[in-house]
Number of protein chains: 2
Amino acid sequence: MTMITALDTFDVRFPTSRELDGSDAMNPDPDYSAAYVILRTDDPSGLEGHGFVFTIGRGNDVQTVAIDSLAHMVVGRPVETVIGDLGAFARTLTDDSQLRWLGPEKGVVHMAIGAVVNAAWDMAAKHAGQPLWEFVARMTPEQIVDLVDFRYLTDALTRDEALEILRSAEPGREDRIARLMSEGYPAYTTSPGWLGYSDDKLAALAEAAVADGFETIKLKVGLDLESDTRRVRLARKVIGPHTRLAVDANQRWDVDTAVAWMRELAPWDIAWIEEPTSPDDVLAHAAIRRAIAPVPVSTGEHCQNRVMFKQLFQADAVDLVQIDAARVGGVNENIAILLLAAKFGVRVVPHAGGVGLCELVQHLAMIDYIAISGTLDGRAIEFVDHLHEHFIDPVEVVRGRYRAPRHPGFSAQMREQSIRDHLYPGGRVWTADPEELSEPVRL
Amino acid sequence: MTMITALDTFDVRFPTSRELDGSDAMNPDPDYSAAYVILRTDDPSGLEGHGFVFTIGRGNDVQTVAIDSLAHMVVGRPVETVIGDLGAFARTLTDDSQLRWLGPEKGVVHMAIGAVVNAAWDMAAKHAGQPLWEFVARMTPEQIVDLVDFRYLTDALTRDEALEILRSAEPGREDRIARLMSEGYPAYTTSPGWLGYSDDKLAALAEAAVADGFETIKLKVGLDLESDTRRVRLARKVIGPHTRLAVDANQRWDVDTAVAWMRELAPWDIAWIEEPTSPDDVLAHAAIRRAIAPVPVSTGEHCQNRVMFKQLFQADAVDLVQIDAARVGGVNENIAILLLAAKFGVRVVPHAGGVGLCELVQHLAMIDYIAISGTLDGRAIEFVDHLHEHFIDPVEVVRGRYRAPRHPGFSAQMREQSIRDHLYPGGRVWTADPEELSEPVRL
């Protein structure tokens with residue numbers, strides 16, 4: 001019997017603030033980081049599971065310690081009991097009564113659980129010799145519902161209703177797998193739209209995005225209405241009337257400001273306004289949506305758990321949601337969210353970017369397409385062309401579409417050299433004079 | 001000019017699980033703990049500020065590291081700029097953009113901010129030579145609103161509306177201070193009601209509580225309906241018809257279960273059902289409240305921030321709320337919550353117990369009485385007679401009422417010997433054979 005022999009963590013940080021990539025209205029100077037975890041086993045094949053929480057710098061150490069705090073529930077377990085019942089494994093981690101006090105099911109501890117659960121999924125998919133999306137999408141409906149913790153969901157979605165959704169999607173699975181393998185999954189790009197960029201850079205990148213085949217681009221907004229109006233007008237002029245143009249305020253506004261601001265931007269045919277206000281504020285999203293209809297409203301990248309997503313759907317607060325692979329409690333909770341979205345007929349347009357988020361979330365979108373919602377309508381995965389070179393199995397985006405991953409696992413594994421160079425605070429990138437880095441890591 | 005010279009943290013844990021005190025439906029074996037912080041200064045008088053996050057054991061180390069991660073925003077600041085503008089100080093901590101990613105404003109990082117903000121308040125009140133409740137209750141309405149971060153609140157409460165609430169309460173302040181000093185503030189007790197207790201112990205403690213002058217007692221429920229029905233019936237029989245009887249499910253139920261369970265318990269005249277479901281689920285609380293009216297519904301001890309409290313009020317989801325002194329971002333955010341509660345006419349019945357929570361929250365309830373709601377109607381502070389001996393200025397509850405604290409500060413300071421004995425994992429209580437502790441700490 002093989003065992004999980006260690007849970008090793010690494011505080012990995014990329015000095016992205018040096019270039020202002022990733023700047024937005026709430027996050028002026030992020031250092032994209034990963035609180036990274038490796039589950040080791042004594043399997044003779046060298047089987048491991050890799051996972052991480054994405055953060056933007058300070059606090060990555062706190063997040064790393066939180067992952068360490070889960071070791072007592074993981075190390076010493078047989079590999080088979082973990083990967084053989086990932087629903088039970090995820091519930092064990094969220095049910096630790098003492099750690100639960102620090103959430104429950106939110107923030108640092110919950111994200112730590114998500115990283116460990118995702119690492120176990122990476123291990124399970126590698127063990128099965130399949131990319132994660134295919135490993136899940138080929139499970140039976142019964143196996144998939146067993147992954148979900150229905151606690152606090154049953155007023156909106158019961159196990160039986162979830163089963164019905166999955167069974168309805170079963171007949172078309174093979175056709176959709178074939179289509180996914182040949183055509184990929186639509187992407188959209190945020191690369192032109194960071195707040196720190198000049199108008200010229202914005203225009204050049206927006207033009208390049210359209211030429212690259214992207215059908216949607218997104219701009220960051222929320223700091224200055226005059227500047228936002230100018231940038232939105234410029235972007236619309238460059239991309240023409242047929243490319244979708246979304247905007248993202250990164251939680252900057254209260255209700256009244258959001259409504260007033262979006263009425264100014266609406267004439268440029270906005271595909272959606274993302275994170276207009278606090279991610280905790282279901283009722284504010286609903287109020288904003290009613291006031292600015294028909295401009296679609298969305299949120300989700302900071303939505304803490306399935307209970308909040310459930311309420312966004314119940315309150316008619318959103319037209320679409322951004323799921324995030326590393327914010328909630330891992331693959332299991334994201335499947336719950338995808339099932340809720342399917343039940344309520346809400347589109348899923350995943351959040352990505354950062355470091356490794358594209359690599360992870362593509363799998364979840366593909367699971368949704370094959371086994372849950374069964375559709376690509378109005379859907380696209382965010383894409384930022386940034387830091388992919390640090391991963392063993394990086395995303396491939398061709399002509400505005402994500403290619404389906406083919407390697408076994410969750411595409412979560414970072415290159416050893418990248419981990420070593422970016423360890424904080426001792427790694428080469430943090431200790432060397434940036435001028436002296438003979439082979440600078442592309443940031 | 002005096003400076004803050006250090007932020008020192010301590011992982012302090014009490015082995016309460018050895019006695020099953022504090023056991024409830026979700027927390028079977030808590031070890032009451034404090035992630036404790038001391039802000040040191042070079043003030044010649046030895047001025048310090050003390051604060052803490054309450055946890056129930058595992059994860060107290062994560063919480064302690066999170067407090068450490070705030071040191072860069074605190075150490076090296078002049079004492080005067082911190083205690084002279086505590087609104088700005090609290091906003092500085094919540095606005096750190098990189099740490100904000102780990103919340104925002106929830107969970108481990110937000111509780112860490114709360115501990116440091118509360119420690120700064122302890123320092124400010126000591127510097128002023130007043131107990132915290134009096135220090136705040138004697139501020140002008142303008143000074144009090146300046147403490148509040150109105151971001152995400154303005155759709156429910158504006159600065160002007162808050163000012164009006166405070167000004168309306170101004171005329172009666174001195175009378176209420178006099179009444180508080182002479183009569184104290186009502187308490188209620190949870191001591192009889194822990195799930196781990198036998199029926200005999202429950203009955204004896206409930207009888208003693210009534211004899212001690214408590215007008216409300218509370219029982220933990222939620223694990224087994226038959227047992228809960230028996231315990232509620234027994235308690236009602238022992239305390240008679242005139243003492244209020246509340247129950248607390250500690251988040252155990254989904255909506256349907258909560259409704260069915262409470263319909264069974266309702267005949268015994270339930271004062272409120274506390275935490276029937278997820279603390280994140282505003283809409284579920286509203287649904288439960290509609291279904292079981294007129295039984296009052298409450299929540300709050302796990303409510304993560306002012307945005308969630310705001311929605312509970314907006315959605316008519318609660319009849320009363322349990323504020324907690326160490327869950328949200330400190331005194332400032334609790335003042336925001338008290339102002340919201342006053343605006344919506346919702347009663348505040350603070351959560352306490354644990355370790356040190358009674359010591360802290362009494363000040364907040366007294367601020368509410370003197371300067372905000374101006375009333376004691378239907379209000380009481382939870383009291384558990386447990387671990388108070390570890391504090392320099394412990395609560396005094398006489399004939400079912402909290403006496404107003406008279407010593408300068410926030411009553412947050414733990415005895416040095418208690419900190420040293422209970423340091424985890426190296427302290428005497430954790431390393432010695434329990435039988436050998438010559439002078440065992442009462443647990």
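The values are calculated or read from the model by the stated rules, or taken from the named source; none is laboratory data. The structure displayed is predicted, hence computed values, not measured ones. Positions of Cβ are generated from backbone atoms using ideal geometry, with glycine treated the same way; all protein chains shown enter the neighbour counts. All accessible areas refer to the heavy atoms of the entire protein, side chains included, with ligands and DNA or RNA removed. Shrake-Rupley method; radii C 1.70, N 1.55, O 1.52, S 1.80 Å.
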Computed from the beta carbon distance with a Förster radius of 41 Å, FRET efficiency for residue A:81 and residue B:198 to the nearest 0.05 stands at 0.70
Copy-to-copy label separations for residue A:293, where each label sits 7 Å from Cα toward Cβ, in nm and ascending: 2.6
Prolate/oblate/rounded label for region A:168-416 (Cα gyration tensor, a/c 1.5): oblate
Considering the rotation that carries chain A onto chain B, locate the chain A residue whose Cβ comes closest to its axis and report the distance in whole Å. A:107, 1
Global size of the protein assembly as shown as Cα Rg and Dmax, reported in angstrom: 27.0, 81
Which distances, in nm and shortest first, link the residue A:163 label point to the same label point in every other copy, taking 7 Å along Cα→Cβ? 6.1
Reduced to Cα centres, the span from region A:341-395 to region A:249-301 in Å works out to 22
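Hey, what number do you get for the protein assembly as shown at 222 nm if only DSSP H runs of n ≥ 4 count, each worth -39500 (n - 2.57), divided across all residues, to the nearest 500?
Working: 36 runs with 355 residues, N = 886.
Helix-only estimate at 222 nm: -11500 deg cm²/dmol.
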Enumerate the residues in region B:201-221 having an amide nitrogen under 18 Å from the point lying 7 Å beyond the Cα of residue B:237 toward its Cβ. B:201-210, B:219
If one computes the Cα centroid of region A:87-112 and of region A:24-53, what distance in Å separates the two points? 18
At a 1.4 Å probe radius, carbon and sulfur cover how many percent of the accessible area of region A:168-416? 48
Determine the dipole magnitude for region A:1-112: charges of +1 sit on the beta-carbon of Lys and Arg, -1 on that of Asp and Glu, nothing else is charged, the reference point is the Cα centre, and the result goes in debye to the nearest 20. 220
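Quick one: pull the percent of accessible area on region A:31-160 belonging to carbon and sulfur, 1.4 Å probe, ligands and nucleic acids left out. Each step should come with its number before you reach the end.
Values: 1680 of 3410 Å².
Whole-percent figure for carbon plus sulfur exposure: 49.
Can you pull out the buried accessible area for chains B and A, both sides counted, probe 1.4 Å, rounded to the nearest 100 Å²? If you can, show how the numbers build up before the last one.
Numbers: alone 17180 and 17200 Å², together 29130 Å².
In total, this chain pair buries about 5200 Å².
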Can you flag which of A:220/B:310; B:106/B:310; A:310/B:310; B:201/B:237 are past 20 Å Cα-Cα? A:220/B:310
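Relative contact order for region A:168-416 using alpha-carbon pairs under 8 Å, separation at least 6, rounded to a whole percent? Before the final figure, lay out each step's value.
Details: 477 pairs, mean separation 51.5, N = 249.
Result for region A:168-416 is 21 percent.
Using Stokes-Einstein with the Kirkwood hydrodynamic radius over Cα pairs, what translational diffusion coefficient do you get for region B:173-242 at 20 °C and a viscosity of 1.002 mPa s, in µm²/s rounded to a whole number?
Values: Rh = 13.4 Å.
Rounded, D is 160 µm²/s.
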Do you know which residues of region B:138-163 lose at least 50 square angstrom of accessible area in the protein assembly compared with their chain on its own, with a 1.4 angstrom probe? B:151, B:152
If you put +1 on each Lys and Arg Cβ and -1 on each Asp and Glu Cβ, how big is the dipole of the protein assembly as shown around its Cα centre, in Debye rounded to 20? 1420
Computed over chain A, protein heavy atoms only, probe 1.4 angstrom, the accessible area per residue in square angstrom equals 33
Once the label point is placed 7 Å from Cα along Cβ, list for residue B:212 the distances to the corresponding points in the other copies, in nm, shortest first. 6.6
Please list, in order, the residues from region B:391-416 whose amide nitrogen is less than 19 Å from a point placed 7 Å along the Cα→Cβ vector of residue B:208. B:395-402
So, with points 7 Å from each Cα along the Cβ direction, the residue B:170-residue A:416 label distance in nm works out to 7.1
Rank B:340, B:407, B:391 by how far each Cα sits towards the positive end of the charge dipole of region B:327-417 (+1 on Lys, Arg Cβ; -1 on Asp, Glu Cβ) and give me just the farthest. B:340
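How high is the FRET efficiency from residue A:5 to residue A:392, r the C-beta distance, R0 25 Å, rounded to 0.05?
On the way: r = 21 Å, r/R0 = 0.86.
Step by step, r from the Cβ atoms, then E = 0.70.
Counting only C-alpha contacts under 8 Å and six or more residues apart, can you give the relative contact order of region A:125-247 as a whole percent? Walk me through the intermediate numbers first.
Details: 94 pairs, mean separation 22.9, N = 123.
Worked out over region A:125-247, it gives 19 percent.
Working out 0.36 nm times the residue gap between residue A:266 and residue A:229, then minus their Cα-Cα distance, what length gain in nm do you get to one decimal? Display every interim value, and only then the final one.
Values: separation 37, 0.36 × 37 = 13.32 nm, distance 0.98 nm.
Contour length minus the Cα-Cα distance gives 12.3 nm.
Please label the shape of region A:150-297 as rounded, prolate or oblate, based on the square roots a ≥ b ≥ c of the eigenvalues of the alpha-carbon gyration tensor (a/c under 1.5 means rounded; beyond that, a/b larger than b/c means prolate, else oblate). Write down the numbers at each step before the final one.
Values: a/c = 2.75, a/b = 1.31, b/c = 2.11.
Oblate.
Please state the relative contact order of chain B as a whole percent: Cα pairs under 8 Å, 6+ residues apart?
Working: 926 pairs, mean separation 85.6, N = 443.
It comes to 19 percent, rounded to a whole number.
Under unit Cβ charges (Lys, Arg +1; Asp, Glu -1), what dipole magnitude, rounded to 20 debye, does chain A have relative to its Cα centre? Walk me through the numbers before you get to the answer.
Values: 43 positive and 66 negative charges, 158 e Å.
Here chain A has a charge dipole of around 760 debye.
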Could you name the aspartates and glutamates in cross-link range of residue B:218, using Cα to Cα under 14 Å and dropping any fewer than eight places away on the same chain? B:24, B:207, B:228, B:248, B:269, B:274, B:275, B:382, B:385
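So what's the convex hull volume per residue for the Cα atoms of chain A, in Å³? Could you put the intermediate results ahead of the total?
Numbers: hull volume 59.9 nm³, N = 443.
In chain A, the Cα convex hull volume per residue is 135 Å³.
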